[in-house]
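Step one of this worksheet: look at the structure below.
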Amino acid sequence: MAGLTIRTRLILLTTAGLLVIVATNAYLIRALSENSAGMVKATGLLAGIEQADRAQIAFGEVRYWMTDLAVSQLTLSERNAAAARARMEEQLGKLEPWNQERIAAVRGELDQYEEIAARAVDEYTNDRRVIGNSLLAQARQHSVAVDRLLGAIVADLTAEATVAREQVFSEAARASRLSQIIVCAAVLTGILLTFLVLRSIVVPLRRLVVAMDALNAGTVDVPIPPAGADEIGAVARTLARFRDTLVEQIRRERELRAAHEDLKVAQASLIHAEKMASLGQLTAGIAHEIKNPLNFVNNFASLSVELLDEFKQTARPAIAALGADKRAEVEEVVDMLTGNLEKIAEHGKRADGIVKSMLAHSHGGSGERQSTDINGLVEEALNLAYHGARAQDRDFNVTLERELDRSIAPIELVPQDITRVLLNLLGNSFYAADKRRRETVDMAYRPVVRVMTRDLGGAVEIRVRDNGTGIPPELRDRLFQPFFTTKPTGEGTGLGLSISWDIVTQQHGGTIAVDSVAEEFTEFTIRLPRSRQAATVGAGA
């Protein structure tokens, strides 16, 4: 209905009613025609019964005159028998269309009867009565067969006539009942079609009213009824275009707002990148300027220590000649100078390490990518970090746990740079776990550092987790900024995680994230893509 105009629907409704009326009249005409044909058939069967009766009468005459001919030998009897046979043939010819096989059987028995009866007449004529009687007895058997066949034909015709008459009456009654049913069905069909036509008009109109009310109220996700080919469909298409225009306008406003926000974020990122670039250049310049005088300080401090040792050896006889008080005072001054020079050398080396880190941070990595076994790289870094921590502090001890995915295929990366990242992360984990061990009052606490690897298909994941002091939430956003450290002054440069961030994200196109709960755990997660294209995109970002 939705694909038709309202005018077409009304025309179809009227046409359907007319078709029902025409179909009813056509059926009644066909039923009357069939009833008339049944009456004709019944009449024909009654005529067949009459013809069969006449054939029986004619056969009785044939039998009479044939018997009389055998006894009287008169020519008149012979002519009468022939005339009766002709009448019987006439009736059999009329019955033949009804059932040719049975009529043929009657004729066959009749022919045998006449043949045997004619032979019996000849025998009687030759005065051989015994043979004539025997032949008449045989002819009588065929006579009985003819009577039986004609009787059966009469009985069958009578039965068929009875059936045909009952069928005519039954069909007349059925036609009457069916005509009543058709009239009732036509009335119900008209009512149903009228309901469907009205429903196909009223329901879409009601939906359009609901949709227009919703659009007027500002709701743009309201469903619009499907647009058909009728007048209501034209209104629905117009309303749908209006809704789509409104949706498009709202979408553009959202896109403009999102673009504005993205522009603000990009602007902030650009400013930050410019600041970091300027900071890198400034860091490189400062590091280069500091490195030369710092080398002189370190070199002259070492040289002064050696000179003091030579001075002590040379002046030892003179010092020994001094009094006890003077000798003690000289030795104290020399020891103090030696201690000061050692402090200068120690802090000079620390300053030199800071300068080297600053240069590395400003220059970035320059190594070549190689196909590397990530599990072997992790094992190597873990051993280096652990033994390095043990060399600095003999009391240091943590439990190392490994969960390495041995099915990981080699991945292309810069081995020395990723080793540097792992050493930074492991060093931080060792520091946090050992610090909590020294500060906790829980005697059951056991410092643990766990390293895990996992194959993600297109990437490889490395996790470094410790159960140390953790990182407060307010400090996590600043972890990867240059010169920021959670360690006390003098224990960290603040460049390790910043350099790790650059290596993982800029050089390898990966990601590095941190999750931590204060006084419970800290976990760093590194994901390195296998594809060089992903790494290049990440580096370009």
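The values are calculated or read from the model by the stated rules, or taken from the named source; none is laboratory data. All figures in this text were calculated on a predicted structure; none of them were measured in a lab. All Cβ positions, even for glycine, are placed from backbone atoms using ideal geometry, and neighbour counts span all protein chains on display.
For segment 458-477, does any single residue satisfy the condition of being assigned to a helix (DSSP H, G or I) and under 21 Å from Ser371 (Cα atoms)?
no
Scan (1) touching a residue at least 12 places away in the same chain (Cβ under 8 Å); (2) among the charged types (D, E, K, R); (3) in a helix (DSSP H, G or I) for the single condition Arg390 breaks and write down its number.
(1)
Residue under question is Val441, and the condition is that it be within 42 Å of the chain's Cα centre (by Cα) and in the same structural domain as Thr522 (by TED's automatic domain parsing); does it hold?
no
So which residues in segment 26-59 are acidic (Asp, Glu) and modelled with pLDDT of 70 or more, if there are any at all?
As a first pass, look at segment 26-59 and keep what is acidic (Asp, Glu): 34, 50, 53.
Matches in segment 26-59: Glu50, Asp53.
Against the conditions (1) modelled with pLDDT under 90; (2) within 16 Å of Phe396 (Cα to Cα), where does Gln507 fall short? Just the number, please.
Of the numbered conditions (1) modelled with pLDDT under 90; (2) within 16 Å of Phe396 (Cα to Cα), the odd one out for Gln507 is (2).
In segment 393-425, which residues are among the polar types (S, T, N, Q) and free of Cβ contacts under 8 Å to residues at least 40 places away in the same chain?
Those that are among the polar types (S, T, N, Q) and free of Cβ contacts under 8 Å to residues at least 40 places away in the same chain: none in segment 393-425.
Among Ser143, Ser134, which is in contact (Cβ under 8 Å) with a residue 60 or more places away in the chain, surrounded by 14 or more Cβ atoms within 10 Å (Cβ to Cβ) and not basic (Lys, Arg)?
Ser143
Quick one: which residue in Glu461, Glu379 is within 21 Å of Val504 (Cα to Cα), in the same structural domain as Leu528 (by TED's automatic domain parsing), in contact with a Ser or Thr (Cβ under 9 Å, 6 or more places away or on another chain) and at pLDDT 90 or above?
Numbers: Glu379 fails: in contact with a Ser or Thr (Cβ under 9 Å, 6 or more places away or on another chain).
Exactly one of Glu461, Glu379 is within 21 Å of Val504 (Cα to Cα), in the same structural domain as Leu528 (by TED's automatic domain parsing), in contact with a Ser or Thr (Cβ under 9 Å, 6 or more places away or on another chain) and at pLDDT 90 or above, namely Glu461.
Tally the residues that are in contact with a Leu (Cβ under 7 Å, 6 or more places away or on another chain) and charged (D, E, K, R), restricting the search to segment 103-127.
4
Can you find a residue in segment 80-98 that is assigned to a loop (DSSP other than H, G, I, E, B) and closer than 16 Å to Gly151 by Cα?
yes
For segment 57-68: of the residues being surrounded by fewer than 19 Cβ atoms within 10 Å (Cβ to Cβ) and not β-branched (Val, Ile, Thr), which is nearest to Val154 (Cα to Cα)?
Only one residue fits best here, namely Gly60.
Only one of (1) in contact with a Ser or Thr (Cβ under 7 Å, 6 or more places away or on another chain); (2) in a loop (DSSP other than H, G, I, E, B); (3) farther than 30 Å from Lys349 by Cα is not met by Asp442, so which one is it?
(1)
Just wondering, is there one or more residues in segment 398-418 that are closer than 14 Å to Phe524 by Cβ, in the same structural domain as Glu380 (by TED's automatic domain parsing) and either surrounded by fewer than 20 Cβ atoms within 10 Å (Cβ to Cβ) or not small (Gly, Ala, Ser) (or both)?
yes
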